[in-house]
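Only one structure is covered here, and it is reproduced in the block below.
The values are calculated or read from the model by the stated rules, or taken from the named source; none is laboratory data. All figures in this text were calculated on a predicted structure; none of them were measured in a lab. Using ideal geometry, Cβ is built from the backbone for each residue, glycine included, and neighbour counts are taken over all protein chains shown.
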Amino acid sequence: MVLVGAGGHALSVIDSLQAKDEYEIVGITDMIKVVGEKVLDYEVIGNDTLLKPIFECGVPFAFITVGSIGDTSLRKNLFDRLKDIGFTLPTIVDPTARIGRNVHLGEGVYIGKNTVINPHSEIGDMTIINTGAIIEHGCHIKEFSHVGSGAVICGDVKIGAHTHIGANATVIQGLSIGKNSIIGAGSVVVHDLPQQVIAYGNPCKVVKNNERVYNS
């Protein structure tokens, strides 16, 4: 497997990979870091122009280790590029996570340490469920979203694509949050929220429109 991106998210992903020992990491590509610089035990081997030659040399798997806090454009662009090359993007689940029955995890999903995802939930492609987050039963989280550390998504919640739920936020059961939205850290969502907004507080209120729009 080749990892794409040598920032902070790479640390979490590598730690999970090492704990499970399922893939051999051949190196990391990054557009800024210096070749030879290490992230944990693995070297930056060059920039993203190496991705196609790496695939052609027989490396079938790639994983995007660039994180996102409200801006998913780079992850989306990298995903499209890797798929065009032919890479398979596996789902990576930290061994400390608890995944219930009949849970669907999409392509390129990362499930972090001590997370809980309860039965009949669906996690869309390229979503990040970060450390200690809880996704209760029957939730549907669309692609390229990010549920921050310690967030609690109560039962039967629907979250649109490219939406960021901040650390320690709570979304009350049965609600819907539209796509391309950002929910601030520590917020308590007690009513439905539309797409393309920035909202925060307890209770969570819309503050302004989110200017970034992404198409999956």
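Per the listing Val171, Val213, the residue uniquely at pLDDT below 95 and of a type outside the set (Asp, Glu) is Val213. Looking only at residues in segment 105-131 that are part of a loop (DSSP other than H, G, I, E, B) and more than 14 Å from the chain's Cα centre (by Cα), the one that is surrounded by the most Cβ atoms within 10 Å (Cβ to Cβ) is Ser121. Kindly indicate whether Leu78 is in contact with a helix residue (DSSP H, G or I) (Cβ under 9 Å, 6 or more places away or on another chain), more than 19 Å from Glu22 (Cα to Cα) and crowded, with 23+ Cβ neighbours inside 10 Å. No. If you go through segment 175-196 and pick out every residue that is in a strand (DSSP E or B) and closer than 22 Å to Ser149 by Cβ, you end up with 6. Among residues of segment 56-80 that are without any contact (Cβ under 8 Å) to a residue 60 or more places away in the chain, none has a beta-carbon under 8 Å from a residue that is assigned to a helix (DSSP H, G or I) at least six positions away or on a different chain. Within segment 77-106, the set of residues being polar (S, T, N, Q) and at positive phi comprises just one member, Asn102.
Of all residues in segment 35-60, those satisfying the criterion of being in a strand (DSSP E or B) and charged (D, E, K, R) are Lys38, Glu43. Residues being surrounded by fewer than 15 Cβ atoms within 10 Å (Cβ to Cβ) and part of a helix (DSSP H, G or I) are entirely absent from segment 25-34. Working carefully through the options Phe63, Phe79, Phe144, find the one that is more than 17 Å from Ile172 (Cα to Cα) and in a strand (DSSP E or B). None of the others qualify; the one that does is Phe63.
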